[in-house]
Each structure stands twice: as C-alpha cells, then as structure tokens.
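Visitor: Questions regarding the structure given below will be posed in turn.
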Amino acid sequence: MSYKTMDDAATSVLERTADERDSHARQERGRLRDKLGRAITDLRVSVTDRCNFKCVYCRTGNEGAQYSELPIADYLRMVRRFVALGVEKVRLTGGEPLLRSGLLEMIGELAKMRTAYLPDGTPTEEGRPLDIALTTNGHLLEHMAGSLKEAGLNRITVSMDAVDAETFAAITRVPRSFDRVLAGIRQAKSVGLGPVKVNCVLLRGFNDGQIEQFAEFSRREGVIVRFIEFMPLEEDRSWRPETVVPMDEIVGRLDAYRPLVELPPNSVSETAKRFTFDDGLGEVGIIAPVSRPFCGHCSRVRLTSDGKIRTCLFSQSDHDLYGEMARGGTDSELDAYIRKVVMRKEARHHIGEPGFQKPSRNMVHIGG
Ligand code: SAM
C-alpha cells in the first residue's frame with residue numbers, strides 16, 4: 001500500500017489498530033463465535049471412550065478405551081462454561097454413553113441449566129432449557145429409556161447399521177445384538193423420546209443393499225432414518241473413497257423405491273437433507289460430509305472424555321480445557337481459554353483432497 005503523506009500512513013495504522021482492538025473486544029464478550037463468524041451453539045460431550053460394540057468400520061476389535069474419564073462434576077463445570085458463552089444444545093456421546101455411571105445424574109443437572117442467549121443471539125437473564133440429546137448404539141437402551149426420559153433427556157439417536165439381524169451382528173461383532181437394539185428403539189418411542197432418529201453409516205459392499213429396507217423400517221416403525229457417508233475416522237485406517245456411498249446414489253435408490261418429497265431444513269446448521277415419500281409416511285435424511293460438506297454452517301465443538309476441546313472432527317490436535325481447570329482456572333479464565341481455542345476452529349475438513357491428513361483421534365475416542 002502507498003500513502004501520499006506520512007499523516008495518511010499514520011491514520012491508516014491508527015485505524016487498523018482500532019479495528020483490531022474492536023475485534024479483540026468482540027471476541028472477549030458476546031456469544032461464542034469463531035474467526036469466520038460461525039456461532040458455536042452445539043456441544044458434543046463424550047463421557048467415555050469405552051464401547052460394548054466393535055463395529056467393523058469404526059474399531060479394529062483389538063483395542064479398548066485409550067483415554068481417561070473424568071468425574072461427572074468436571075464435565076458439568078466445563079459444560080456450564082460453554083453454556084454461559086452461548087451453547088444451546090448438548091449431545092452426550094462416546095464410546096457408548098449408556099455404559100457411563102452417573103449419566104442419569106448428569107442429565108438431571110443439564111436439565112437444570114438455562115441458555116445465556118436467545119436463539120437470535122440476544123443475551124437473556126431467564127434463558128431456556130438446553131436441548132439435551134444422546135447418541136447410543138442402543139444395546140442397553142430398552143431398560144434405560146424410561147430413566148433417561150425422567151432425568152430430562154429430550155432426544156435420542158440410535159446408531160443402527162442394518163435392519164437385517166445377521167448383517168447387523170456381522171457389523172457390530174456382537175451376536176444377537178439386533179433384537180436388543182430394536183427393543184431399545186421401540187421403548188425409547190414409547191416413553192416419549194421421539195422422534196427417534198436411527199443413524200446408519202453406509203459401506204459399499206457391506207450394508208448398501210439395505211437402503212430400501214431402511215426406508216421401509218422408517219415407515220413401519222415411525223422413526224427418522226438418516227444415512228451417513230462413511231468418513232476417514234476409523235481405527236484401522238481402512239477408509240477408501242470407493243467405500244463411501246454418496247448422497248446422489250442414496251437419493252436415486254430411495255426415489256426408485258418410492259417417489260421422494262424433499263422437506264425443508266429444521267435450521268440453517270441442519271446437517272441432513274430431509275425427505276419423506278409421496279404419501280407422507282416415513283422420513284429419511286442424508287448426511288453427506290464427504291460429497292456435500294457442510295462446514296460453512298458448522299456450529300459444533302466437541303469435548304472428549306478426558307476433557308479436551310476438539311474444534312473439528314478432523315482436527316490434528318486438541319486443547320486441554322480440563323488441564324486449565326485442574327490448574328485452578330477461574331470461570332473467567334476458562335471462558336477466555338474457550339474463546340481463544342474456538343477462534344482457531346478449522347474452516348473446513350479436507351476429506352478426499354491430496355495431502356489429507358487423518359485426525360489425531362478416531363471417532364470412538366472423539367465422540368461422534
Ligand atoms: N456408541 C454410540 C453410538 O454407537 O451411537 C456413540 C458413539 S459412535 C462413535 C457415534 C456415531 O459415529 C455412530 O453413529 C457411528 O455409526 C458413527 N461413526 C463411527 N465411525 C464413523 C465413520 N468412520 N464415519 C461416519 N460415521 C461414523
């Protein structure tokens with residue numbers, strides 16, 4: 001840049017410094033945002049990285065938990081800081097969250113928290129209850145659904161990668177697992193945890209033959225089925241682009257089964273493209289992080305079971321919020337730490353691009 005006079009140059013420097021100060025001040029207050037202006041309203045908390053399934057696309061089958069678990073009170077303190085900064089939705093996950101002792105008490109405490117901002121971003125004194133969700137493999141759900149609902153859980157997502165019992169057992173590597181998960185889904189519905197979402201990761205040559213049966217399942221059981229493209233997040237690094245069943249193919253198959261009707265998104269940060277069928281019965285969604293990335297609308301950060309913040313599923317490192325807390329960090333110091341970390345949230349993932357680097361942790365140890 002060239003300046004006509006020394007005064008012009010000085011004014012420009014002063015203006016820039018003022019802009020930087022303004023932007024710094026904005027980062028220190030107000031709703032939590034990253035450097036791209038994305039509001040962070042959605043926190044996923046892994047409460048354990050233990051899992052009672054060994055799904056072939058997720059785990060090697062030989063490795064167990066790798067990271068520590070924290071006392072429930074420590075997760076709650078960290079969640080409180082995120083809520084004070086603008087988080088509205090908390091999803092509990094793992095590993096398998098239903099294995100975690102103290103889970104019901106944790107949900108009970110989350111249910112008492114109130115949001116610090118209204119959905120339009122205005123700060124509020126009263127606040128609203130959090131949207132509390134949980135993702136589970138469903139194995140222990142039948143007996144826990146009622147207590148989860150009573151504790152204050154709002155919504156549940158059950159991962160189920162086949163509607164055929166044999167294929168299901170082959171994927172999970174747990175015999176007779178399908179009937180238990182199905183019973184869990186039905187019980188969740190009957191205690192009022194609906195609409196239950198059923199997530200299916202499609203793998204070419206493994207369960208992609210079941211797309212139409214999943215559509216039937218949605219219509220018969222009254223659940224929302226969501227197909228998810230397979231991402232490179234597995235322990236044994238078996239991901240290949242050819243294994244991914246892309247969105248267009250899924251849509252084509254469903255539409256041939258029965259004409260699809262597109263549904264509007266529930267929110268701007270909705271990850272799924274939603275459809276029903278021409279008779280309005282059933283709902284299917286497709287989450288396509290590989291063929292149609294939605295990073296531009298990402299409103300999410302994750303907290304791992306050992307208290308690290310991950311700003312993207314594909315992050316190369318994590319940030320030790322628990323360490324800050326264990327060193328005696330005050331609430332305002334933790335808030336400042338969270339703001340600093342979130343500022344560095346990655347713009348997007350690079351799946352399928354040359355030079356793509358696998359993240360430093362796999363899905364089961366991050367919390368999906
Ligand atoms: N145990 C719980 C469950 O099964 O839902 C929660 C944890 S699990 C890691 C969360 C979700 O991640 C599951 O729906 C699972 O199918 C999905 N997942 C695991 N590995 C994945 C991958 N490589 N690509 C896409 N989704 C994956």
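Visitor: Ignoring GluC sites (Glu not before Pro) that are buried or in helix or strand per DSSP, and keeping those with at most 13 other beta carbon atoms within 10 Å, what is the longest stretch of the chain between them?
Guide: 127-368
Visitor: Whole angstrom only: what separates the Cα centroid of segment 229-281 from the Cα centroid of segment 27-87?
Guide: 25
Visitor: Still on this structure, please answer the following. What percentages, rounded to whole numbers, describe P(r) for segment 227-308 computed over all alpha carbon pairs with 10 Å bin width beginning at zero?
Guide: Cα pair-distance distribution for segment 227-308, in percent: 16, 38, 32, 12, 2.
Visitor: So if a site counts as exposed when it's one of the chymotrypsin sites (Phe, Trp or Tyr not before Pro), its DSSP state isn't H, G, I, E or B, and it has at most 13 other Cβ atoms within 10 Å, what's the longest stretch of the chain without one?
Guide: Values: sites that count: Tyr3, Phe356.
It works out to 4-355.
Visitor: Right, next: What residues have an amide H closer than 5 Å to that of Phe277, excluding those fewer than 5 places away on the same chain, when H is modeled at 1.01 Å from N in the peptide plane?
Guide: Distant-sequence amide H within range of Phe277: Val261.
Visitor: Counting pairs of alpha carbon atoms under 8 Å apart in space and at least six apart in sequence, what relative contact order in percent does the chain give?
Guide: Over the chain, the number comes to 20 percent.
Visitor: Cα-Cα over 23 Å: which of Lys89/Lys149; Lys54/Lys273; Lys89/Lys189? Write out the running numbers ahead of the final one.
Guide: Numbers: Lys89/Lys149 16 Å; Lys54/Lys273 28 Å; Lys89/Lys189 21 Å.
Long pairs (Cα-Cα over 23 Å): Lys54/Lys273.
Visitor: Per the Cauchy relation, a quarter of the hull surface: what is the mean projected area of the convex hull of the alpha carbons in segment 98-168, in nm²?
Guide: Taking a quarter of the hull surface, the average projection is 6.3 nm².
Visitor: Tell me the volume per residue, in Å³, of the convex hull enclosing the alpha carbons of the chain.
Guide: 168
Visitor: Taking all protein chains together and a probe of 1.4 Å, list Lys189, Lys112 from the most accessible to the least accessible.
Guide: So, going from the largest accessible area down, we get Lys112, Lys189.
Visitor: Taking the chain as a Gaussian network, where each spring joins two C-alpha atoms under 10 Å apart, which residue of Thr122, Thr304, Thr60 fluctuates the most?
Guide: Thr122
Visitor: Applying the Karplus parametrisation 6.51 cos²θ - 1.76 cosθ + 1.60 with θ = phi - 60° to the phi angles of segment 209-225, what ³J(HN,Hα) value in whole Hz is obtained for each residue in order, glycine and proline being reported as x?
Guide: x, 9, 4, 5, 5, 5, 4, 4, 4, 4, 5, 6, 8, x, 10, 8, 9
Visitor: For the chain, what does the accessible surface come to per residue with a 1.4 Å probe? Please give it in Å².
Guide: 45
Visitor: Right, here's the next one. Can you give the calculated 222 nm mean residue ellipticity of the chain, where each DSSP H run of n ≥ 4 adds -39,500 (n - 2.57) and the sum is split over every residue, rounded to the nearest 500 deg cm²/dmol?
Guide: Numbers: 11 runs with 125 residues, N = 368.
Counting only the DSSP helices, I get -10500 deg cm²/dmol.
Visitor: Also, I was wondering about something else. Exactly which trypsin sites (Lys or Arg not before Pro) in segment 301-346 are in a DSSP loop and have at most 15 other Cβ atoms within 10 Å?
Guide: Taking segment 301-346 and a limit of 15 other Cβ atoms within 10 Å, the loop trypsin sites (Lys or Arg not before Pro) found are Arg327, Arg344.
Visitor: Grab the beta carbon distance between Glu270 and Asn62, set R0 = 25 Å, and tell me the FRET efficiency rounded to 0.05.
Guide: Working from the Cβ atoms, E equals 0.10.
Visitor: Something else now. Quick one: what are the phi-derived ³J(HN,Hα) couplings along segment 43-57, Karplus 6.51/-1.76/1.60 with θ = phi - 60°, whole Hz, x for glycine and proline?
Guide: Once θ is set to phi - 60°, the couplings for segment 43-57 become 10, 10, 10, 8, 9, 5, 10, 6, 9, 8, 10, 10, 4, 4, 8 Hz.
Visitor: Additional query: Relative contact order of segment 244-367: what whole-number percent is it, with Cα pairs under 8 angstrom and at least 6 residues apart?
Guide: Numbers: 137 pairs, mean separation 25.0, N = 124.
Dividing the mean separation by the residue count of segment 244-367 yields 20 percent.
Visitor: Could you identify which residue out of Ser46, Ser190, Ser299 has the top mean-square fluctuation in a GNM of the chain using Cα springs shorter than 10 Å?
Guide: Ser190
Visitor: Please list, ordered by chain and number, the residues whose modelled amide H lies under 5 Å from the amide H of Leu303; skip anything fewer than 5 residues away on the same chain.
Guide: Amide H to amide H, under 5 Å and 5 or more residues apart or across chains, Leu303 pairs with Arg44, Val45, Ser46, Arg310.
Visitor: Roughly how many percent of the accessible protein surface of segment 181-322 is carbon and sulfur, given a 1.4 Å probe and a whole-percent answer?
Guide: Taking all protein chains in place, segment 181-322 shows 52 percent carbon and sulfur surface.
Visitor: Sticking with this one: Rank these residues by their accessible area, most exposed first, probe 1.4 Å: Thr167, Thr172.
Guide: Thr167, Thr172
Visitor: Now, a different point. Using a Gaussian network model on the chain with a 10 Å cutoff between Cα atoms, which of Leu104, Leu118, Leu140 fluctuates the most?
Guide: With Cα springs under 10 Å in the chain, the top fluctuation among Leu104, Leu118, Leu140 is at Leu118.
Visitor: Which percent, to the nearest 5, of DSSP beta bridges fully inside segment 142-286 are antiparallel?
Guide: Just about 40 percent of them are antiparallel.
Visitor: Going by Cβ distance under 4.7 Å, what cysteines of the chain have no possible disulfide partner?
Guide: Cys51, Cys200, Cys295, Cys298, Cys312
Visitor: May I ask for the distance between the Cα centers of segment 354-368 and segment 106-158, given as a whole number of Å?
Guide: 27
Visitor: To continue, here is another question. Restricting the count to DSSP beta bridges whose residues both fall in the chain, what percent are antiparallel, rounded to a multiple of 5?
Guide: Here the antiparallel bridges make up roughly 35 percent for the chain.
The values are calculated or read from the model by the stated rules, or taken from the named source; none is laboratory data. Quick caveat, the model's predicted, so the values are computed rather than measured. Cβ atoms come from the backbone with ideal geometry, glycine included; neighbour counts cover every protein chain shown. SASA here: full protein model, heavy atoms, side chains in, ligands and nucleic acids out. Shrake-Rupley method; radii C 1.70, N 1.55, O 1.52, S 1.80 Å.
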